[in-house]
Each structure stands twice: as structure tokens, then as C-alpha cells.
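**Student:** Can you keep this structure in mind? I'll have questions shortly.
The values are calculated or read from the model by the stated rules, or taken from the named source; none is laboratory data. Not measured: the values here are computed from a predicted model. As a convention, Cβ positions derive from the backbone with ideal geometry for all residues, glycine included, and neighbour counts pool all protein chains shown. Surface areas here come from the heavy atoms of the whole protein model, side chains and all, with no ligands, DNA or RNA. Shrake-Rupley method; radii C 1.70, N 1.55, O 1.52, S 1.80 Å.
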Amino acid sequence: MVRCMACDLLKEKFPEAVRGVEEFRGETTVTVDKGQLRAVLKFLKESETLLYDLLVDVAGVDSGSGSPRFKVVYLLHSMKFNHRLRIATGVAEDAELDTVSDIWKAADWLEREVYDMFGIRFSDHPDLRRILLTDDFVGYPLRKDFPLKGVDFDKPFPVCLEEEKGNQVDA
Amino acid sequence: MGVANTAEASLQEVINWARKNSVWPVTFGLACCALEMMVASSATYDIARFGAEVFRPSPRQADLMIVAGTVTKKMAPMLKRIYEQMPEPKWVIAYGSCASSGGIFQTYGVVQGVDQIIPVDVYVPGCPPRPEGLLKGLISLQEKIAREPSGMRKIVSLPWRSNG
Ligand code: SF4
């Protein structure tokens, strides 16, 4: 087993937050408690010995059933030490997750994408809107219960230019 | 009377001849098909032979919109705006399966054929079509332009414009 300094440090610092450490082909995943997620991530970024300063991606996972239903996964990279770490946390269907967009600026859009695709909400996010789909889109396409092609995907749809949107709001 | 008609007919012919040989496309590529469109303007395929090499960066100076690639529903308003900004007369080539019908992307995010939003003159099938396909599409469009009698081509106004 590859020694994982970050895991040891996390276990030491947040003994009750770390739910499990998994090792698969040299990649480490640490599952942490949802409530402590922010503190854990902040520590990982700011700790002098770890310095996970790059947030590579934030991804959502829908397990369909099971509880909690969703998982949100943070891929971290340390530019200085060239280390990678995966932090996962479980989110129930109606629960919110704390934003980390103030810790890594990159999280802003990444969290919007997770919201767009899974409908997972991030509390205190500065601008939680859909990012890839149109604003009037109904549903969250990467959820397991979303029909593969979407509903009425081939039907005509309204195309509104920006100024038309303004008119609609006024009217 | 007869003289006037003949004169008008030949004037129309001259106009059509000029229009069909200077179809300037707007620079507008959306996905993989756009690369084939770019190749069409290279020395090998040389779209300049048909008077359509002047890809205009501004829709205000363009006659033809080659919708080359996948049109997402998020992109649809921009596409429509560029189309509206082009002066009349204007033509549209739906280049590739994606632009013609949504192609392989039968999904919630992709417009299933650009003719859902703007009127299309020529469809070029293929994924992607070879540059020769675009040239053939362009020639078909030129034939269509040459056939256009005066006054046939209506000003295309999009629904909300006419509704006021
Ligand atoms: S038709 Fe094929 S090559 Fe063209 S944009 Fe679609 S997927 Fe790409």
C-alpha cells in the first residue's frame, strides 16, 4: 500500500470526519463527512506540508438508490509536491453542500456544473445557476431517473434572444 | 411592354449571376464539421473558385451562413442572432448531419436540425461531409440562386418581429 501522508494527517486532525480511505491502483480516495468537508478541504489546501493548491475537478455521482443517494467528488492536485488526492462525500437528495468557491476560485463553475447536471445545491455559492444547459431547462440530466434522451428533446423549443428575455420579464 | 419585360428579366439574370458568384459566408463554425469547412477554403479544395472564399468575420457583410457543426440549445439564440444580423438576401447551408438533423446527438441538449430555428436552403449530409460536399452544396445553392425570379425571395422575418 502506497503511503499517503495526507490520509495520515487527515486522520490525525479530523478523526471523526474521515469515514474511509480507499486505495485503487495508486489513487487514493478519502471519504469525509459532509459537515466537515469545507474544513478538510481548506486544511488540504493551506497545510504547508500538503499544499493541494489546484482543484482539478468537482464531479457528482448518482448511485440511483442507496443512501445518501449522491456523492460529490473533489479531485485535488498539489503543484509543489505533484501529489493527487480524491475527496468524496455523500449528499442526500434534499441536502445542501457547502461551497468551496471561496477556497478555490475554480470551484465556482465546477459546482455550477454539478448543480446543472445533478441538482445538488451548494450553499453560499455566489452565483448558482445552470452553466451548460439553458436556464429554462427542466430536470437534471445526469440523474439516474432522467430519461436518456430527455423529454420531448426533438420538439420545437423557444429560442429567446437576450433582449426578448428582458421584454418577457417586463410583460 | 415586351421590351420592359425582357429588360427586367435580363436585369434579374445579371443580378442573380452577380449574387451567385459572390456568396460570402459568415465565419461561423460550431464543431468538428467546421474543420472540414476550413479545409474547403484551403488551396487543395479552394472554395475561391466559386466566389465564396471571403469568410466574413461580421454577419453584416455576409450572404451565406454555413451552419457547420452541432448546434446546442444553449447556442441557438446566438445562431439566431447572427442570422438576423445578416442583411438580405441571405442563404443558409446546413452542413453535416448535426446541423441537418441533430446527427448522432439525439439528446436533450442539441437542436434536432437547425431548420427548427432558421430557414435552410441546402442540406449537406455526412459526418462530417468532405469538403467536396460543401462545394457541391455551394454549387446547388448557386443553381438555386440563379433560378430565383425577382421578388420571389421574401424578407424572412422571425415570429416575434412580425408580432410586434
Ligand atoms: S455531423 Fe459529425 S463531424 Fe459534423 S459536427 Fe456533427 S458529429 Fe461533428
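**Student:** So which residues in the stretch A:110-137 are at pLDDT 90 or above, within 17 Å of residue B:108 (Cα to Cα) and out of contact with any Gly (no Cβ under 7 Å at 6 or more places or on another chain), if there are any at all?
**Tutor:** Passing the criteria: A:113, A:115, A:116, A:119, A:130, A:131, A:132.
**Student:** Assess whether residue B:157 counts as being at pLDDT below 90, open to solvent by 50 Å² or more (accessible area, probe 1.4 Å) and assigned to a helix (DSSP H, G or I).
**Tutor:** For residue B:157, the condition - at pLDDT below 90, open to solvent by 50 Å² or more (accessible area, probe 1.4 Å) and assigned to a helix (DSSP H, G or I) - is not met.
**Student:** Inside the stretch B:96-116, can you point out the residues that are within 12 Å of the ligand (Cβ to nearest atom) and within 17 Å of residue B:66 (Cβ to Cβ)?
**Tutor:** B:96, B:97, B:98, B:99, B:100, B:101, B:103, B:111, B:113, B:114
**Student:** Can you name the residue in the stretch B:19-50 that is small (Gly, Ala, Ser) and within 16 Å of the ligand (Cβ to nearest atom) and is also farthest from the chain's Cα centre (by Cα) among such residues?
**Tutor:** Ranking the qualifying residues of the stretch B:19-50, first place goes to B:31.
**Student:** Please work out which one of (1) near the ligand (Cβ under 10 Å from one of its atoms); (2) part of a helix (DSSP H, G or I) is the condition residue B:126 fails and give its number.
**Tutor:** (2)
**Student:** Find the residue count for the stretch A:8-20, including only residues that are surrounded by fewer than 16 Cβ atoms within 10 Å (Cβ to Cβ) and either under 17 Å from the mean Cα position of the chain (by Cα) or not in a helix (DSSP H, G or I) (or both).
**Tutor:** The qualifying residues number 4.
**Student:** How many of the residues in the stretch A:21-41 are surrounded by fewer than 14 Cβ atoms within 10 Å (Cβ to Cβ) and more than 15 Å from the chain's Cα centre (by Cα)?
**Tutor:** Summing the residues that are surrounded by fewer than 14 Cβ atoms within 10 Å (Cβ to Cβ) and more than 15 Å from the chain's Cα centre (by Cα) in the stretch A:21-41 gives 6.
**Student:** Do any residues in the stretch B:40-59 that are within 10 Å of residue B:134 (Cβ to Cβ) have Cβ atoms under 6 Å from those of residues that are of a type in the set (Val, Ile, Thr), where the two are at least six apart or on different chains, and which pairs are they?
**Tutor:** Here the result reads B:40/B:47; B:41/B:47; B:52/B:23, each pair linking the stretch B:40-59 to a residue that is of a type in the set (Val, Ile, Thr).
**Student:** Restricting the stretch A:140-157 to residues that are surrounded by 14 or more Cβ atoms within 10 Å (Cβ to Cβ) and modelled with pLDDT of 90 or more, which is nearest to the other protein chains (Cβ to nearest Cβ)?
**Tutor:** A:141
**Student:** Would you confirm whether any residue within the stretch A:21-37 is without any contact (Cβ under 8 Å) to a residue 60 or more places away in the chain and in a helix (DSSP H, G or I)?
**Tutor:** For the stretch A:21-37, residues without any contact (Cβ under 8 Å) to a residue 60 or more places away in the chain and in a helix (DSSP H, G or I): present.
**Student:** Does residue B:20 satisfy the criteria of being touching a residue at least 60 places away in the same chain (Cβ under 8 Å) and basic (Lys, Arg)?
**Tutor:** Against the criterion (touching a residue at least 60 places away in the same chain (Cβ under 8 Å) and basic (Lys, Arg)), residue B:20 qualifies.
**Student:** A follow-up question, please. Any idea which of (1) in a loop (DSSP other than H, G, I, E, B); (2) surrounded by 15 or more Cβ atoms within 10 Å (Cβ to Cβ); (3) away from the ligand (no atom under 16 Å from the Cβ) is the one residue B:74 doesn't satisfy?
**Tutor:** Every listed condition holds for residue B:74 apart from (3).
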